[in-house]
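Below: the structure, in structure tokens.
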Amino acid sequence: MTDGFDLSRRQLLGLGLTVLCSAGVSAPVLAAGEPAPATPAAPAAAPAAAGGEPLPPLAKRLPKVPLVLDLPAMGRRTGRPGGSIVTLISRVKDARMITVWGYARLVGYDQQLEIVPDILESLDVEEGRRFTLHLRPGHRWSDGKPFTAEDFRYFWEDIVLNKELTPAGPEPFLLVEGRPPLFEVIDDVTVRYTWDKPNSQFLPSLAAARDPFIYRPAHYLKHFHIRYADKAELDAKVKKKKARSWAALHVKMDSLYEAMNPSLPSLQPWIATESSSDRRLVMARNPYFHRVDQTGQQLPYADNVVMNVVASGLIASQTQAGQSDLQARGLSFSDITVLKRGGARSGIGTRLWPISMANQVALYPNLTVSDPVWRTLLRDVRFRRALSLGIDRDMINRVLFFGMARPSNNAVLAQSQLFRPEYRTLWASYDPDYANRLLDDMGLTDRRSDGIRMIADDRPLQIVVEAEGTSQEQMDVLQLVAETWQGIGVSLFAKASDRDIMWKRALAGSLVMMAANGYDNGIPTSAMSPAERVPADSSFLSGMAWGAWRDSEGKAGERIDYPPVYGLLTAFQNWLSAPDKAQREAAWRTILDIHVNQVLTIGIVAGVHQPVAVRDNLINVPEDALWGFDPGAFFGIYHMDCFWFDQQAKQGS
């Protein structure tokens, strides 16, 4: 039994992916009129090997079976290598975006949101609990050293199981009912993970925008590990780097996601370089990258990705002035006018990609609030439904988003395989008469002279909704919600807060309601984890104390005592242990049904557009796409390694 994840070379053919044999091109697929190169083509500006040595020929840098992207089949143009993609960031730590955008993963999502091999050549899954990973023979790290099963063994035995490096033990996706897997090295290019029961979190975690990196460059990191390094040499390194211990030094040098250590080998399409500074980060092409196009040209096409650090408030103006080739980070819907006004003169076009979050701004009632009066109100489903029915979403959409978004619950988008029309509309229409009847039925009939209802202790029904002070959009939405809630006798006071402070107040029970983005993943499939929609940990905004209870195994927070939320957790447990797609989908349906019918969060609008500014001659950036972190990795799912500059178009502009 393979549970739909036995992904061999033959099965990749239907996914816009083909395979090459050995080190040469076998029967390349070409676009009409495209001549095939005689041999696989290497980028003209490929960097030298470590130490300045000339690089080996391409045939010796590629895996024996590279991943081939059939660009014409994907609706893309075959490119030419060269050039630097310039983008703007507001802080140096955003260098990690190169790891997100590059989106080289053991397995990753294709544009149909199916999980397919990428770094892996193939994958076998048995009974949802035994995962056999087949590496690509001949695959190499960016420094030319072999990528093998040893890199997985090192991660598991020398990092995860080392108490000094990983005191908390394995991450949750590596545990099933608290138990780790049996890890086996089968041979030099094959490893296996086996759990006693199905592990539904394993593959989605490997395909995530933030890669958990269950492998590490062992040949590099062993120099910083007490088990392998000469103690005197290691002590000298600890002292030189001013680290607290060998473990602290190891953690510092082991930064695959952050992409800030130029000496750390990588498997991503672009890697950090020594030429970077705190104002300009230069990410260079990985000469050993495992992907090629269908003509045999090694990817990525672009020589470099250059990330210039500027003040966040200047990103929109500098983008429209032509200082960026590809920009979305740091831009918001309100910047569209500025971008459209100046972009044409600078050769910059603006595309509008719907954001894949479940909602742009949602309200999260704190069902674990300490105040007993508010706890009683918020846990009455009639109250939550009334608040939702009292919001004029169409008006908010027109005023703030030019009618380009869509009124919606904080559920899933129409692009999701799990979508049902009622997930968008149930209890989300504007019906103040019905809302008033629900509140009257609750006994909230006494009102002040201004029409605001009274609750217990002679307090007015004024809800303090806290929002991130850095988000003017959230504050604008709350102002309009306040206007429509007046019609149902509810007063809203919007309070700008620091996010960390706001979360601490929610966890402590002193916050009544917050405004925040909707659920990150608005386009889930049954294979993706529903963890953010259940009290799996303290990030569950509708009851952070419940999540803290589960996260701490009962040492903090509150035991779940509200039946609808307990139903969420039960469904999540069913998803975790589901052996097949049908049972995973059934668990998802239960979670979505509870959320929408119980109005555990109050969505406003979904599908707000993200402006994506693109240089006119930067090819293969989709005109129409979804913008989201996970799944999607922003540009990653659309293969940023295939973006290239048409220099002829640039010269003719």
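The values are calculated or read from the model by the stated rules, or taken from the named source; none is laboratory data. These figures come from a predicted structure and were not determined experimentally. Cβ coordinates were reconstructed from backbone atoms using ideal geometry, including for glycine residues, and neighbour counts include every protein chain displayed. To get the accessible areas, we keep the full protein, side chains included, count just its heavy atoms, and leave off ligands, DNA and RNA. Shrake-Rupley method; radii C 1.70, N 1.55, O 1.52, S 1.80 Å.
Where helices (runs of 4 or more DSSP H) fall wholly inside the stretch 126-240, the ranges with 3 or more residues that are over 30 Å from GLN112 (Cα atoms) and free of Cβ contacts under 8 Å to residues at least 40 places away in the same chain are 231-240. Scanning the stretch 362-396 for residues that are part of a helix (DSSP H, G or I) and either out of contact with any Gly (no Cβ under 9 Å at 6 or more places or on another chain) or open to solvent by less than 10 Å² (accessible area, probe 1.4 Å) (or both) yields a count of 18.
All told, SER90 meets the bar of being in contact (Cβ under 8 Å) with a residue 60 or more places away in the chain, within 30 Å of ILE315 (Cβ to Cβ), surrounded by fewer than 18 Cβ atoms within 10 Å (Cβ to Cβ) and not charged (D, E, K, R). If the condition is being within 25 Å of GLU473 (Cα to Cα) and surrounded by fewer than 20 Cβ atoms within 10 Å (Cβ to Cβ), then the stretch 517-544 contributes ASN517, ASP520, GLU532, SER539. Return the residues of the stretch 440-463 that are part of a strand (DSSP E or B) and either open to solvent by less than 50 Å² (accessible area, probe 1.4 Å) or within 22 Å of LEU400 (Cα to Cα) (or both); say none if nothing qualifies. Within the stretch 440-463, ARG453, MET454, ILE455, PRO460, ILE463 qualify. Of all residues in the stretch 506-516, none satisfies the criterion of being open to solvent by 60 Å² or more (accessible area, probe 1.4 Å) and either touching a strand residue (DSSP E or B) at 6+ places or on another chain (Cβ under 7 Å) or under 16 Å from ARG384 (Cα atoms) (or both). Residues in the stretch 472-483 that are touching a strand residue (DSSP E or B) at 6+ places or on another chain (Cβ under 8 Å) and either of a type in the set (Ser, Thr, Tyr) or open to solvent by less than 50 Å² (accessible area, probe 1.4 Å) (or both): GLN474, MET475, VAL477, LEU478, VAL481, ALA482.
Within the stretch 290-309, does at least one residue satisfy the condition of being charged (D, E, K, R) and open to solvent by less than 10 Å² (accessible area, probe 1.4 Å)?
Keep residues of the stretch 290-309 that are charged (D, E, K, R), which gives 291, 293, 303.
Still in the list and also open to solvent by less than 10 Å² (accessible area, probe 1.4 Å): 291, 293.
Yes, there is a match, as at least one residue in the stretch 290-309 is charged (D, E, K, R) and open to solvent by less than 10 Å² (accessible area, probe 1.4 Å).
Per the conditions (1) part of a loop (DSSP other than H, G, I, E, B); (2) touching a helix residue (DSSP H, G or I) at 6+ places or on another chain (Cβ under 7 Å), the sole criterion not satisfied by GLY567 is (1). Would you confirm whether or not the stretch 408-421 contains a residue that is loosely packed, with under 15 Cβ neighbours inside 10 Å and assigned to a helix (DSSP H, G or I)? Within the stretch 408-421, one or more residues are loosely packed, with under 15 Cβ neighbours inside 10 Å and assigned to a helix (DSSP H, G or I).
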